[in-house]
Every structure is written in structure tokens, then in C-alpha cells.
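The values are calculated or read from the model by the stated rules, or taken from the named source; none is laboratory data. Bear in mind the structure is a predicted one, so any value in this text is a computation, not a measurement. Every residue, glycine as well, gets a Cβ built from its backbone with ideal geometry; the counts of neighbours run over all protein chains shown.
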Amino acid sequence: MRIDIVSLFPEFVAQVAGHGVVGRAQERGLLALHGWNPRDHAEGNYRRVDDRPFGGGPGMVMMIDPLRACLSAARAADPAPARVIYLSPQGRPLTQARVRALAAEPRLVLLCGRYEGVDERLLAAEVDEEISIGDYVLSGGELAAAVVVDAVARLQEGALNDAESAIQDSFEGDGLLDCPHYTRPVEHALGVVPPVLLSGNHAEIARWRRKQALGRTWLRRPDLLDRGALPAGDRRLLEE
Ligand code: ADE
């Protein structure tokens, strides 16, 4: 898949998101990241990309024309149709289900705003979808774009070494939080590993993990648990 990042700091996004799984996905040819800077498409000596908001108020608003020219250059760089996403706190909150759908797109263009925002007319004309990564305000869309790149890249087929690990993650499949994990040593001053994990009994281990995942979700994120929709076996585990 191809992801184009339209930002005043495109190399920042590539840097932040370029390590580990995302870096490996790029090396394996599963993901191509390209950066585009609206300043390269701005006119005049100052290459101005922002101006004061009509109606007054603090901050600056990103202008239509440099962004539009930049987006059009990005679109033209590849024939694959691109889904254009604007990162903003006004967007739809990102979920793993949405990440999965985006990961199946051939191409995304991530538009990062700075300053107070982007001229609304550009958004109305060019953007397919607005995404928020949470109910807090960042000083620009770049970190949010890096989050999208990471979440989408690790779902590309072949990006993870153990394909299973994506399926078991929190929010995958059943929408529950993940169970706790342990590794060596078995005994440590900070505690011992739950004996069931050492038992070799795979059915018991699966049951324990499921129960932990349910319990954690119930304690930490009850909003994720639709108890009516849980299978009867899970309801019993929760009530034990
Ligand atoms: N830009 C600024 N804040 C943001 C947020 N919470 N999510 C996505 N983009 C943003």
C-alpha cells in the first residue's frame, strides 16, 4: 500500500513512524511512504501557506491554493485512487475496525493541518474523511498521521513476523482488551508467573486468557463490553 503525507513537516511523520514494524514493512515492499510539503507549492518569496482568519481571532489558517496544488501533485504521482484523510480533533474517533478498513485501501493521503486549521472550502472539496485520534488537541496533525501509518502498516500482510499476534491484540476480533503476558524468569522478586501458563494445558490456558481479557475489559473499559452480545460461555466466565 502507498501512503502520501501532506504536511509542513512530512519528514517528521516518516521519522516518527519509520521504525520497527513500519520500517520493516517498507523494507519488505509492503508499504511506500511519500512526503509532500505545501510550502513547495506556495507562491512568492515567502512561500506563504497560511493567513489570518476572516472574522478575527487568534492563530493562522492554512490557505487553499498551496494545499490544493500539493494534493494534486501527490494524487498525480500514482494512478491508484487515493482516499484523502484529514487528521483533526473534529474527526471521527479512530477505532481498530476503521484501521482495518483503511489498511485494505490501495492508497491513503494523510493531510496534516497546523495552526488553527485549514480553510474549510479545501476540506469540503478534497477530503473524503476526517479522523481524530482522541479527545485532546495536538498542535498539528503529524503525530496523528504517524499513528494512522503505524496502525495500518502492521496490518499489511507479511508485516508482522508472527501473523497471529495481530489477531490476538486488544480490540481485534472480539473487541476485548488483551490478557496479561509473562516471560522468564518464572519466579521473581516482583511476583510469580500464574501457574496455569506453565501447565501445558492449552485449553486451560485459553480459558484463563479469555477470562483475564474479559475481566480487564470489564474493569478498565466497561464501555467496550456489550454483555448481551457476549457468548454464554463468556458471560459465565465473567460471573465466576
Ligand atoms: N490534530 C490535532 N489534534 C488532533 C487529534 N486529536 N486527532 C487528530 N488530529 C489532530
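Of the residues Ala77, Ala103, the single one that is surrounded by fewer than 16 Cβ atoms within 10 Å (Cβ to Cβ), among the hydrophobic types (A, V, I, L, M, F, W, C) and closer than 23 Å to Ala32 by Cβ is Ala77. Among the candidates Glu130, Glu105, the residue that is charged (D, E, K, R) and farther than 18 Å from Ala25 by Cβ is uniquely Glu130. Being within 16 Å of the ligand (Cβ to nearest atom) and either small (Gly, Ala, Ser) or not assigned by TED's automatic domain parsing to the domain that holds Ala97 (or both) is a property that does not hold for Ala159.
Evaluate the range 10-20: report whether one residue or more is farther than 19 Å from Tyr86 by Cα, touching a helix residue (DSSP H, G or I) at 6+ places or on another chain (Cβ under 6 Å) and not charged (D, E, K, R). No, because not a single residue in the range 10-20 is farther than 19 Å from Tyr86 by Cα, touching a helix residue (DSSP H, G or I) at 6+ places or on another chain (Cβ under 6 Å) and not charged (D, E, K, R). Residues of the range 115-128 include none that is surrounded by fewer than 15 Cβ atoms within 10 Å (Cβ to Cβ), among the hydrophobic types (A, V, I, L, M, F, W, C) and at pLDDT below 95.
The C-beta contact set for the range 47-61 (first residue under 19 Å from Ser139 (Cβ atoms) and in the same structural domain as Cys112 (by TED's automatic domain parsing), second residue among the small types (Gly, Ala, Ser) and at pLDDT below 95, distance under 6 angstrom, 6+ apart or interchain) comprises Val61/Gly117. When Arg236, Arg207 are checked against the criterion of being of a type outside the set (Ser, Thr, Tyr), in contact with a helix residue (DSSP H, G or I) (Cβ under 9 Å, 6 or more places away or on another chain), surrounded by fewer than 17 Cβ atoms within 10 Å (Cβ to Cβ) and part of a helix (DSSP H, G or I), a single residue qualifies: Arg207.
For Leu8, state whether it is surrounded by 18 or more Cβ atoms within 10 Å (Cβ to Cβ) and either under 12 Å from Ala74 (Cα atoms) or touching a Ser or Thr at 6+ places or on another chain (Cβ under 9 Å) (or both). Answer is no for this residue. Screening the candidates Ser199, Ser165 for the property of being closer than 30 Å to Arg92 by Cβ, hydroxyl-bearing (Ser, Thr, Tyr) and not assigned by TED's automatic domain parsing to the domain that holds Gln90 yields one hit, Ser165.
Would you check if Ala151 is within 18 Å of Ile5 (Cβ to Cβ) and small (Gly, Ala, Ser)? The answer is yes for Ala151.
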